[in-house]
Amino acid sequence: MHSRTLYRLTYLAAAMSLGHHLDHLIRHNAVGWPLTGQVNAFTISLVVYPAIATGLLLYRAGRVGPGFWALVSGGGAVFVSAVHFGPAAVEPPDMILGHYDPPILGWLAFTWLVTFVAVLAITCLYETRLWSQQRQARRAAPPATGVGSKR
Amino acid sequence: MTATPPPAGRPAVRPQPSVPAAATGVGGAVVLVGTRVALWLGVQLGVAGLLVLAGTTATGGQPLNDAAAWWMVDGALVDLGTLAVIGWLLRRDGGSYRRLLGPPTAAWQVALGAVGVLAASVPAMAFSAELTSAVYGDATPPMFAVVDLPPLASVFSVLVVPLLAELAEPVAYLGVVLPRLEQRLGRPWVAATIVVVVWAAEHALYPVMVSGGGLDLGFAAYRVGSVLPFLATWTALYYALGRRLLPIMAARWAVNGGTALALALGQVG
């Protein structure tokens, strides 16, 4: 069974990712290929769009479930957090907050980023719960009757 | 009787049978929030009055700032009052406190969920840290800088206050106020938005600070802004976790208890 909430959260996360990439384009710092010749975190992050498109096709076809999406969302949350937050961040908040004039635009972009990562993390937990529920439901379901079984 | 897990395809926001139908309705929610607001103000004013009577502080705005040193301990009285109102509402509506915490949750689910809640709170921590840095630079924000407690009160603020806070605050807002607003408004996202805004606004009161002869509205605004992302995240997680409160309470206890411990040990401020 397909979850409408899962679809909506996936579209929301994709839209927020697009908005954050737009923020990169406007600031024009911490960008990489195809805008510059350098392959960096920006370049790697573009993988998310084909991953989401492929995932949606596979999900619609019933080939992947919430567990797959939990990995995509969780992986995305960890990746973006590692790039932007924490002591080892290659693109710390100052690179966003300090590159807009007026500064309120920097705060808007930073708030967008924070919301984006929160959406990814919350989506990951929702998908993990969904995955766990589906596993429990499968385990609780009575085993299918064999072809040659007698009444 | 065992709880049947909701079908996977259902939206997570549908009110669940575990939430008791509230005969007291939104009025009960208003009483609950109003009690918390009144207690925050009343207790700090009461402590300020005691300090003036004891002659340990000057008059004017100073007693309020001096009383603010006790705001973490004041929280225990506010939360006890909150629990009393929750108990009163439950008696009128015929529910139980346990049902307010959501569907049955195994210990390992609470532990795993709490780790997830903490991880999902990282963006809110980053936002709050940047906001603090923008407003106060390297200085300690006032709600931590003002805390100055005798040893016994410090122990109380580490061991008892965070526990009481978790038994009262998230249960009040997510377990009592939110379902009543959902019932009244019929739109969970509107109800959730109202809860987050009111919950954040309440934080402007602890503690109330005075600056330049009037209320320190800049600090109040900072306080609201710094907690807003946390409360929005936890409210969204409440839905994401199928209205299970225990993982959120456990994660919040770790954060608030850790902060209280750091303050008591002099690691902050």
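Derivation of every value follows stated rules applied to the coordinates shown; laboratory data play no part. If you're wondering where the values come from, they're calculated on a predicted model, not measured in any experiment. For neighbour counting, all protein chains shown are included, and Cβ atoms are generated from backbone atoms with ideal geometry for every residue, glycine included.
Structural remarks
- When +1 charges are put on Lys and Arg Cβ atoms and -1 charges on Asp and Glu Cβ atoms, the dipole computed for region B:132-269 relative to its Cα centre reaches about 560 debye.
- Region B:73-138 versus region A:1-49: alpha-carbon centroid distance in Å: 32
- Result for chain A in a Gaussian network model with C-alpha springs under 10 Å: among A:57, A:125, A:97, the largest mean-square fluctuation is at A:57.
- Peptides ranked, highest mean first, by Cβ atoms within 10 Å: ranges A:114-121, B:253-260: A:114-121, B:253-260
- In terms of its C-alpha gyration tensor, region B:196-267 has an oblate overall shape, because the principal axis ratio a/c (a ≥ b ≥ c, square roots of the eigenvalues) is not below 1.5 and a/b does not outweigh b/c.
- A simple spin-label model places the labels of residue A:11 and residue B:262 4.0 nm from each other, with each point 7 Å out along Cα-to-Cβ.
- Sorting the segments B:238-247, B:191-200, B:208-217 by their mean number of nearby beta carbons within 10 angstrom, highest to lowest, gives B:238-247, B:191-200, B:208-217.
- Relative to the longest principal axis of the Cα atoms of chain A, the long axis of helix A:66-84 makes an angle of roughly 20 degrees.
- Using a Gaussian network model of chain B in which every pair of alpha carbons under 10 angstrom is joined by a spring, one finds that among B:162, B:188, B:123 the greatest mean-square fluctuation is at B:123.
- The mean sequence distance of close C-alpha pairs (under 8 Å, at least 6 residues apart), as a share of the length of chain B, puts its relative contact order at 31 percent.
- Simple spin-label estimate for residue A:63 and residue A:38 gives 3.7 nm between the two label positions (7 Å along the Cα-to-Cβ direction from each Cα).
- Inter-chain shielding of B:124-133 (mean C-beta neighbours from other protein chains, 10 Å cut-off): 5
- Inter-part distance where region B:198-256 and region A:75-96 are each reduced to a Cα centre, Å: 24
- Shielding score for A:120-133, defined as the mean number of other chain Cβ atoms within 10 Å: 6
- Of the DSSP H helices in chain B, those whose Cα atoms cover at least 18 Å axially and whose Kyte score averages 0.5 or more: B:25-53, B:71-93, B:107-120, B:122-136, B:188-202, B:217-240, B:246-264
- Interchain or long-range residues, amide H under 5 Å from residue B:211's placed H: B:216
- Taking label positions 7 Å along the Cα-Cβ direction at both residue A:104 and residue B:41, the computed distance is 3.0 nm, reported to one decimal.
- Residues of region B:130-153 with amide N under 16 Å of the 7 Å Cα→Cβ point at residue B:56: B:146-153
- GNM result for chain B, Cα springs below 10 Å: residue of B:40, B:71, B:88 fluctuating most strongly: B:88
- Extension gain from residue B:163 to residue B:193, taking 0.36 nm per residue of separation minus the Cα-Cα distance: 8.2 nm
- Measuring nothing but how far apart in sequence close Cα pairs (under 8 Å, 6+ apart) lie, relative to its length, region A:33-111 scores a relative contact order of 12 percent.
- The protein assembly as shown: C-alpha gyration tensor shape, a/c 1.5 cut-off, then a/b vs b/c: oblate
- Exposure proxy shown here: for A:52, B:86, B:248, A:104, the number of other Cβ atoms within 10 Å sets the order, fewest to most, as A:104, A:52, B:86, B:248.
- Shape of region B:16-166, Cα gyration tensor, a/c cut at 1.5: oblate
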